[in-house]
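Provided herewith is a single structure, encoded as structure tokens, for subsequent inquiry.
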Amino acid sequence: MDAEFLAEDFEGEHSGAVVAYDDGVPFAYLTYAFSWKQFRPAVGPLSLGRLPVRQLRIFGLVGVRTIPDNLLDRFFELLLNQRGWHIGNILEVSPDDPLVRRLGSAQKRPRYRMIRKDVPTVQVKLDDTFESYLKKRFTKKARYNLRREVRLLDEAVAGDVEIKIYHSPADVEQFMRDAGSIARLTYQWKIGMNALRVTPQAVKKTSYLAAVGRWRSYILYIRGVPAAYCYATIRHGELSYDVVGYDPQFAKLNPGKVLLFKILEELHQSRIVDALDFGRGLADYKLLFANGTRPVVDLSLFPYNTYSQFLWLLAGATEVGYHCLHPLFRHWMPWIKRIVQRTLGVMFPTFIDETEIFFQLIILN
């Protein structure tokens, strides 16, 4: 996270950087932001509750040379001594990152407790041509089925399928309008999961990213109607597959999978990045296309005050409880799923597909 981006105040109501100088010349900085968030303890792939917290988000360390441990300690001391925050987070960083190494033991730093979570992520590495990727990743039958899905969509609407790429500041308004119209129809939106939220702050942030060449997103249109979208950003030479969704009325035509297929084809041709990074979670469609992994770590810091320690206990209890009960829960899940879907199917016939996704999330994680 660069200091200029934070200076634009896109992350929290108070953001900035701790900077180290050598003879008056800056040579390292640690970026951060404070913001009010909702703490939602994770139960496997789901999150529950909405407890208000003031979050200290530490984004990353930048330096022109190796940063000594005593300087890292000083950076942390300046940040962690600030009052009024309930939880600190360093999200999706490499296990080898110096921040992770230095914060690696709560016993060494008695002013807070820490929870470390290793997050599974997968990628598509763009090492070869698109045809070579398909041959290496998929069997002949699987390749045929993928191409067939793409062809069936095109044939179903008499060739009236279009995929648009959005990457410039001038594209932001149309993308946010059309992608936002899809997002409000998705199951993610209905059950409070990650979906594109079109707010003035989101538009401003996206415009900034587009201006500095770090935004590249896609929409698939069927007969001129937005059917599926992918909001993506460019980080560390990779396209981060941040937020996706599709209009349920087109579900039988698999618009989400077709869009991903076309995105990968375009990225292999343009070579604008080295990989497509799916981020956290191991959904089936990600595992289907992925040909590589990237281990990342989440760190959560809880200072020694009553509210923060309550949050620490809650987060730890839900994590341990899920891992203990998950094998038993998974065993009974087919029976539970049948009962729930029969009940909901009578009252909400269109909700069945969404409950199927919900239960698959629980079973697979």
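Quick check on this structure: which one of R102, R148 is open to solvent by 40 Å² or more (accessible area, probe 1.4 Å) and touching a residue at least 12 places away in the same chain (Cβ under 8 Å)?
On inspection, the qualifying residue turns out to be R102.
If I filter the stretch 28-50 for residues that are at pLDDT 90 or above, more than 24 Å from P200 (Cβ to Cβ) and of a type in the set (V, I, T), do I get at least one hit?
No, the stretch 28-50 has no match at all.
Just a yes or no: is a residue in the stretch 77-99 more than 20 Å from W312 (Cα to Cα), modelled with pLDDT of 85 or more and hydroxyl-bearing (S, T, Y)?
yes
Is it true that Q123 is outside any helix (DSSP H, G or I), of a type outside the set (S, T, Y) and modelled with pLDDT of 95 or more?
So Q123 passes the test.
Which residues, counting only those in the stretch 267-280, are touching a strand residue (DSSP E or B) at 6+ places or on another chain (Cβ under 7 Å) and open to solvent by less than 20 Å² (accessible area, probe 1.4 Å)?
L267, V273, A275, L276, D277, F278, G279
Taking Q107 as the residue in question, decide whether it is modelled with pLDDT under 90 and either surrounded by fewer than 18 Cβ atoms within 10 Å (Cβ to Cβ) or not in a loop (DSSP other than H, G, I, E, B) (or both).
When the stated conditions are applied, Q107 passes them.
Also, I was wondering about something else. Out of the stretch 288-319, which residues are surrounded by 15 or more Cβ atoms within 10 Å (Cβ to Cβ) and part of a strand (DSSP E or B)?
V296, V297, D298, L299, S300, L301, F302, P303, listed by residue number.
Within the stretch 151-169, take every residue that is assigned to a loop (DSSP other than H, G, I, E, B) and open to solvent by 80 Å² or more (accessible area, probe 1.4 Å) and give me the one that is nearest to L276 (Cα to Cα).
Ranking the qualifying residues of the stretch 151-169, first place goes to H167.
Checking L267 against (1) of a type in the set (A, V, I, L, M); (2) within 18 Å of I163 (Cβ to Cβ); (3) touching a Ser or Thr at 6+ places or on another chain (Cβ under 6 Å), which single condition isn't satisfied?
(3)
Next up: Of all residues in the stretch 170-204 being outside any loop (DSSP other than H, G, I, E, B) and among the aliphatic types (A, V, I, L, M), which is surrounded by the fewest Cβ atoms within 10 Å (Cβ to Cβ)?
Per the stated criteria, the residue is A170.
Is it true that A283 is touching a residue at least 60 places away in the same chain (Cβ under 8 Å), surrounded by fewer than 19 Cβ atoms within 10 Å (Cβ to Cβ) and of a type outside the set (S, T, Y)?
Yes, satisfied.
Additional query: With (1) open to solvent by 40 Å² or more (accessible area, probe 1.4 Å); (2) more than 22 Å from K286 (Cα to Cα); (3) touching a residue at least 24 places away in the same chain (Cβ under 8 Å) as the list, and K136 as the residue in question, which single condition is left unmet?
Among (1) open to solvent by 40 Å² or more (accessible area, probe 1.4 Å); (2) more than 22 Å from K286 (Cα to Cα); (3) touching a residue at least 24 places away in the same chain (Cβ under 8 Å), K136 violates only (2).
Another question about this same structure. So which residues in the stretch 76-92 are under 17 Å from A17 (Cβ atoms) and either of a type in the set (D, E) or under 27 Å from the mean Cα position of the chain (by Cα) (or both), if there are any at all?
F76, E77, L79, L80, W85, G88, N89, I90
The values are calculated or read from the model by the stated rules, or taken from the named source; none is laboratory data. No experiment lies behind these values; they were computed from the predicted model shown. A quick note on method: Cβ atoms are made from the backbone with ideal geometry, for glycine too, and the neighbour counts reach across all protein chains shown. The protein model used for the area step is the full one, side chains on, heavy atoms only, and it has no ligands, DNA or RNA in it. Shrake-Rupley method; radii C 1.70, N 1.55, O 1.52, S 1.80 Å.
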